[in-house]
1. Out of the residues in the stretch C:99-130 that are free of Cβ contacts under 8 Å to residues at least 40 places away in the same chain and assigned to a loop (DSSP other than H, G, I, E, B), which is most open to solvent (accessible area, probe 1.4 Å)?
2. Residue A:425 versus (1) open to solvent by less than 10 Å² (accessible area, probe 1.4 Å); (2) within 21 Å of residue B:226 (Cα to Cα): which is the lone unmet condition?
3. So which of C:286, C:304 ends up being at positive phi and buried (at least 16 other Cβ atoms within 10 Å of the Cβ)?
4. If a residue has to be within 21 Å of residue A:206 (Cβ to Cβ), facing chain B (nearest Cβ under 9 Å) and open to solvent by 20 Å² or more (accessible area, probe 1.4 Å) to count, how many in the stretch A:2-45 make the cut?
5. Look through the stretch C:32-75, keep the residues that are more than 21 Å from residue C:239 (Cβ to Cβ), within 9 Å of another protein chain (Cβ to nearest Cβ) and open to solvent by less than 20 Å² (accessible area, probe 1.4 Å), and return whichever of them is nearest to the chain's Cα centre (by Cα).
6. If you take the residues of the stretch C:79-126 that are small (Gly, Ala, Ser), in contact with a helix residue (DSSP H, G or I) (Cβ under 6 Å, 6 or more places away or on another chain) and within 9 Å of another protein chain (Cβ to nearest Cβ), which of them is nearest to residue B:178 (Cα to Cα)?
7. For residue B:121, which of the numbered conditions (1) in contact with a Pro (Cβ under 8 Å, 6 or more places away or on another chain); (2) farther than 30 Å from residue C:83 by Cα fails to hold?
8. Please specify each residue of the stretch A:297-313 satisfying the condition of being open to solvent by less than 50 Å² (accessible area, probe 1.4 Å) and away from chain B (no Cβ under 13 Å).
Amino acid sequence: MVQEIILSLKEITKIFPGVIANDHISLDIFKGEIHSLLGENGAGKTTLMNILYGLYKPDKGEIIFKGEEVKIHSPRDAINLGIGMIHQRFMLIPRFTVFENIILGQPSEKPPLLEKEKLHEKILRVAERFNIKLDLDVPVENLSVGTQQKVEILKALYQGADLLILDEPTSVLTPQEAQNLFKDLLALKEQGCTIIFISHKLKEVMQISDRITVLRDGKVVGTKKKLETNFQELSKLMVGREISFTIKKKDVQPGREVLCLEDISMKNKKGLRLLKNISLSARSGEILGIAGVDGNGQRELADAICRLQKIDSGNIKMLGQEVSSSSPRRLYEQGLSYIPADRKRYGLILNFTIAENLILKDYYLPPFKRGLFLNVPYINDYSKKIIVAYDIKTPSHLVQASKLSGGNQQKVVLGRELSKCPKLLIVMEPTQGLDVGACEFVHNKLLDERDKGVAILLFSTDLDEIMSLSDRIAVIYEGEIMGEVDPRKADVGEIGLMMAGVKYLEKEVVDG
Amino acid sequence: MEDGSIRIKQERYNKVFITIIPFGAFFIALFLGAVLIFLAGINPWEAYNYMLYSIFGNLRLFSEVFTHFVPLIFCALSFAVAFKGGFFNVGQEGQLYFGALTGALVGIYIQGLPAFIHIPLALLAGFIGGAFWCWIAGILKIKLGADEILNTIMLSYLSILLINFIVMYFLKPANSYISQSEKIARSAYFPKIIPNTQINLGVILALLIAIIVYIFLFRSPAGYEVRAIGENLEAANHAGINIIKGTMTVIIISGGLSGLAGTSIVMGTQYRLIPALSPGYGFEGIGAAVMARNNPLGIILTTFLFAFLRVGAGAMQRGVGVPLPISWAIEGIIMILVTASEYLSNKISANLIGGRA
Amino acid sequence: MGKNKLFSGVFILAFVLLIGFSTFALAEPLKVAVIFPQPITSEGWTKSGYDGLMKAKEDFDIEISYQENVSAGEIKEALRGYAAEGYDLIIVHEMDYIEPTIEVAEEYPDIMFAVIYGYESADNVAVVSGTNWEANCLAGAVAGLMTKTNKVGFMISHDSPIAHEFLNAAFIYGARKINPEVEVITTFVGSWDDTVKGKELAKALVKEGVDVIYSQCGVINRAVLQVCEESGIWAIGAVEDMSYLAPQTVIASAIAPTEYLVYGAIKDMINGTLKGGNVIKGIKDGAEDIVFNPSLKDKLPENGEEKIMELRQEIIEGNITIEQIREELTKQNVKF
């Protein structure tokens, strides 16, 4: 089957000092296909696409688009050629309506007039053609993340893009929203759009793509048709070694109750309920998974346990003691470890070195402190030990955390939190944004801790993760526990329903 | 420079770049200044030459550099500490005046003490005065969330005018024509290290405190805490660090350092409280701190440069008649370019290191 | 022995050369510096001093330099800078800077310092000021000449011994000299710049029947001028020639150009007569004078100008001194 090539990258090379981000990458994209770029974080996917979108200049190589060699100096050039990019973080102005966001940055046809009605009409026509349903007059801040993504896609299409680049589009979506996105992408494909889909998630790549190109360490290691490949092959290409997909869990008899929540409620400043009558308990040697769509009170619950936010009513007992009069620091000293969700924001100080990050919770205690000063030699030795124990890939313990990949950053956080031998571990989204290898590492570490007898509270929006790691699963929806299930007996559909909540379903019906 | 051994050792080129750029900017500014001098009808080469020769060729004039160096370094350290702790204190000028007031009061009204008690006592008073003035802005931020940039700068004006008022109506001797306080006691004068020059105890004190601030920030748990709060408030909070206590520490130290700037002028140069105590040390100190990327040891270097330029501006006017406004313009250009170069070096390092993903 | 001779020969030669060079050095022009607290472009006081320096540069063979905009915090540095750079005479154009000047002068006993209108001097610090009375005396004479109501007003900024013993005494003496019937009403404003209060006091004077006002109160002078203009009475300008401000109201101005204080100090320095202590410059040095408004000369009474000029001449010749004035007034039982 001979297909028309819409885009051809030849020998693209981009060198950052010390790193070859793209090493002679050659790649053909067929017209009308969904082509996935698969690779671990740091494999060079985003760099490549940023070159294509005019954000970086390649050191070598050429780009042939629709049969002609092109030089792309800026995103404006890319847009004029018909290349649209949907970034991981949306470039929308929250206060503006969908309509205003779409026309933002577009020159008016008849300046200084804006001709809103005409533009409105034009956008609706584009939306209709690609079967995208959107209310143009709603402020973007009122839309769900999935819908905001639709706005970005419509904006690109309106600008005349027939080649769309989506950079890790599902990383911000719920499973349901991801499925909706895939439907939309298939519809776009039918209309003749070409789509480059960047991801490190094997499962969705296998679901959506026609062809898959795997990148590793800045090089293309293979391009496969979806129909002719499988998980094992792709993951091996991606990581360079075999990955086991089944998690082996030992049977551990849960011990005594470590955490007990009784009837916890919390309101925000406006009086809105964030947590409603939550009662839970976690015992040593078990992982209690808390499933739920992002933003349903997980963070508030975790923060409440750590005393980072105040609850309005209810009791929290850790190791049989009421915690309501403790400070977070006191709880950490008593054996609580907390790995927050957004590690770059809550877990790490990016401009600090690895060594400095590793002592973030203990810097004031001997042996990290000696007299009035930090015990620098001890901190250095300690850091080196953790770097070895947690396999943190870095030239030195004095490298800034911001210079590490996501996986290695998470290892720094894990190293800090787990090396204190906690009794209770609260983990949020431990594998968000991590590649397959790093996920495996994190999962194994968590299971090790469980086997050692730590009580683990695992918050995750990744249902697969919850299903495979947890001993028990509680589902949270709008600050309320919808129910508890046994992962060995429950099916995904049942949990998914609870995650969505009955109210959510009703809403969909009304909207539809 | 910045690595105490638990600090980063970045890629070397990157570091070299970041260090070179501000100085490059400095020389470009000098060049633009030369153009201005030329436009004023004066030979710029001669002007700069005169500046260097007259200052380095004469110990007494050279020692004048230190009259500016001491207050400038305290102001720069004040900004740097606050900045590291995430508190944007730009009210050095006002805190300087308040510290000068409290220091001068101790110097004037406590008499009969030996110098080794009187000097530390006056310094302590100055520290407390500056810290108090900064604390007002701090408490407004912590309790009401009021923006500290606005508050510190507004409080500066308040402080300057207040000191003016206090001197005129309370401290001025009844028989004096001039709005100035009495002289402080001899025992509160900074002893001169080199006789007949302006090199006095203040210089040693300033250098010592710069080193202490460095050790505090990079080698002590409290400084670690301060930096953690400054770099990432939320992560520090999640790590159990007491944000309010940490921020207060920063506010007190930062304000106190500015207060010492004022006290050092009173005890080292003027020996009395006068309304026009500072020709803008507070603002220039910020420039020096930014140029040194808020590193206390770098600040020693940059403040010396600024102090030198101040004396140089006077020398150029005296020697070859470079009008003062041109010297101010050169100083302004240096500030703008160096501050801009901060942005530039960030950008360059971002481009060089790149987003790897 | 021969060696010794050679040595002494070299010594003598060196000595001769040294003397030669030092005489050559002595022949170098005098180096004079002036320090201004304000920019030289600011009209009035500072500009006048700057003009004096420029005039001196034209008239004498000197090397000059000045530094402008020097604040109280920087004055010592500027002084030390000039001293270190080998200037012979350093003039400070601000009386508030007298104390730092004396302090620095102690460090440099070989250099001469001068402070314009200072109030404290030292061995090498000359205080150069006007007489404080000569021009005031003439202003009083003009007031006595012009009044029809025989009531004239004198406004002084601050109450002080100098105000009574110099300013007020001279003014009253001048007025009575021309017109023995005249009554002088003196008020103290207590400020250099409270124009509102100045206006109030001027109006009060007008109500009391005063028909000439002489104001010596800085910025307030112009406000007083307004009141005189509105009330249709005469005004006498102070410090500068004010006739351009109110051409129909200012009959004359008692001027005190500081340029002649600066110029005079430099001149004395060249003549070798400048010494520490008080240096007073008066009408004969050009540092004070009375100038009539040329467009109003026809309003003067007959022989009016001549009478004033006669008095002026007597002052220049030293026939009238301030001590005599005070004695005279005390004898006549006139309070001042």
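The values are calculated or read from the model by the stated rules, or taken from the named source; none is laboratory data. Fair warning: this is a prediction, and the values are worked out from it, not measured in the lab. As a convention, Cβ positions derive from the backbone with ideal geometry for all residues, glycine included, and neighbour counts pool all protein chains shown. The area values use the complete protein model at the heavy-atom level, side chains included, leaving out ligands, DNA and RNA. Shrake-Rupley method; radii C 1.70, N 1.55, O 1.52, S 1.80 Å.
1. Here the residue is C:110.
2. So the condition that residue A:425 fails would be (2).
3. The conditions single out C:286.
4. 1
5. Result: C:33.
6. Across the stretch C:79-126, the extreme among qualifying residues is C:81.
7. (1)
8. A:297, A:298, A:300, A:301, A:304, A:311
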